[in-house]
1. Here is a list of conditions, (1) under 25 Å from Glu164 (Cα atoms); (2) surrounded by fewer than 20 Cβ atoms within 10 Å (Cβ to Cβ); (3) in contact (Cβ under 8 Å) with a residue 40 or more places away in the chain; (4) among the hydrophobic types (A, V, I, L, M, F, W, C), and Ala135 meets all of them except one; can you say which number that is?
2. Kindly indicate whether Ala115 is aliphatic (A, V, I, L, M), under 26 Å from Ile257 (Cα atoms) and surrounded by 18 or more Cβ atoms within 10 Å (Cβ to Cβ).
3. Taking the stated definitions as given, is Gly50 of a type outside the set (Asp, Glu) and surrounded by fewer than 14 Cβ atoms within 10 Å (Cβ to Cβ)?
4. Let me confirm something: among Val26, Val112, Val101, which residue is assigned to a helix (DSSP H, G or I), in contact (Cβ under 8 Å) with a residue 40 or more places away in the chain and at negative phi?
5. Can Ala78 be described as out of contact with any helix residue (DSSP H, G or I) (no Cβ under 8 Å at 6 or more places or on another chain), of a type in the set (Gly, Ala, Ser), more than 26 Å from Arg209 (Cα to Cα) and not in a strand (DSSP E or B)?
6. Please state which one of Leu195, Leu169 is in contact with a Leu (Cβ under 9 Å, 6 or more places away or on another chain) and modelled with pLDDT under 95.
7. Out of Leu123, Leu40, which single residue is buried (at least 16 other Cβ atoms within 10 Å of the Cβ) and either assigned to a loop (DSSP other than H, G, I, E, B) or in contact with a Pro (Cβ under 7 Å, 6 or more places away or on another chain) (or both)?
8. Where residues in the range 242-266 are modelled with pLDDT of 95 or more and under 14 Å from the mean Cα position of the chain (by Cα), which of them is farthest from Gly137 (Cα to Cα)?
Amino acid sequence: MPIPSPAPGRTALIDHLVRTRIAGDVATPRDNNLSHYRKLAAGDRHFWLGLELGDRWTDEADVLAVMAERCGVVADPAHRTGHDTIDPRLTVDALDRMATVLRKAAEGRQRVLFATGHPGGLLDVHRSVAAALRAAGCEIVVVPAGLGAEDGAVVQFCDVAVLERGATLWHTHSPEPMAAVLDGLAREGRPLPDLVVADHGWAGRAGQRGIDAVGFADCNDPALFIGEAEGTVAVAVPLDDHVVDPRYYDPLTAYVIAAAGLTARP
């Protein structure tokens, strides 16, 4: 069993985020970011992450402005190549907002669904928060059996819904796995979650369905930040969502659990 990490303070966490490149100068290239912003603005639904953006975000410059404000990417549109940035202070601010939502869930003993499209990076973050909420009296929603999406199976691993193909957990941006879970719960006559903690299309589709959703998002995934700006997504936390060692996320996880007034569980 892993030993829960002690929660760092704000300054120590910011230093850690920069040192591990979870924030600060991140590995995601600037041209990749701008390409995704442009495709979202052009209406490519792959980049909408399950949200319905209509014709409200057809200007790439507007998307860039939101990402500069909420994620901390370079605001200058003339910066086209090289590296890009995530402001670690914005990351910690968003973690504080997420902690407020988690505290409310614990106080209300809410039904909470966890899901990730980044199992190689964020699975243990979600698992740890789920364990802390269960210990506080929340119900961790169990996904229906036999669900399929995106040529794979929707399964639950360590309390976290993921997409599996060929005995492998898959990276996915698709909202279809979350749609399958929510539709499956409805078919079984089970209540929908009060809260979804997720990322990518898992979080976007939940928010679009009217469920409180908080999620993690990289600087090349603008949709969740737009969803937060419009109020469809409750919180979008900016970070590099797949750094070289998933243990780098442990201090971040400890911080948000402590900020929510929860107890870390092994």
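The values are calculated or read from the model by the stated rules, or taken from the named source; none is laboratory data. Every value quoted in this text rests on a predicted model; they were computed, and no experiment measured them. Every residue, glycine among them, receives a Cβ derived from its backbone with ideal geometry; neighbour counts consider all protein chains shown.
1. Status for Ala135: all satisfied but (1).
2. It is true that Ala115 is aliphatic (A, V, I, L, M), under 26 Å from Ile257 (Cα atoms) and surrounded by 18 or more Cβ atoms within 10 Å (Cβ to Cβ).
3. Taking the combined requirement at face value, the residue does not satisfy it.
4. Being assigned to a helix (DSSP H, G or I), in contact (Cβ under 8 Å) with a residue 40 or more places away in the chain and at negative phi holds for just one of Val26, Val112, Val101, which is Val101.
5. The answer is yes for Ala78.
6. Leu169
7. Leu40
8. Tyr249
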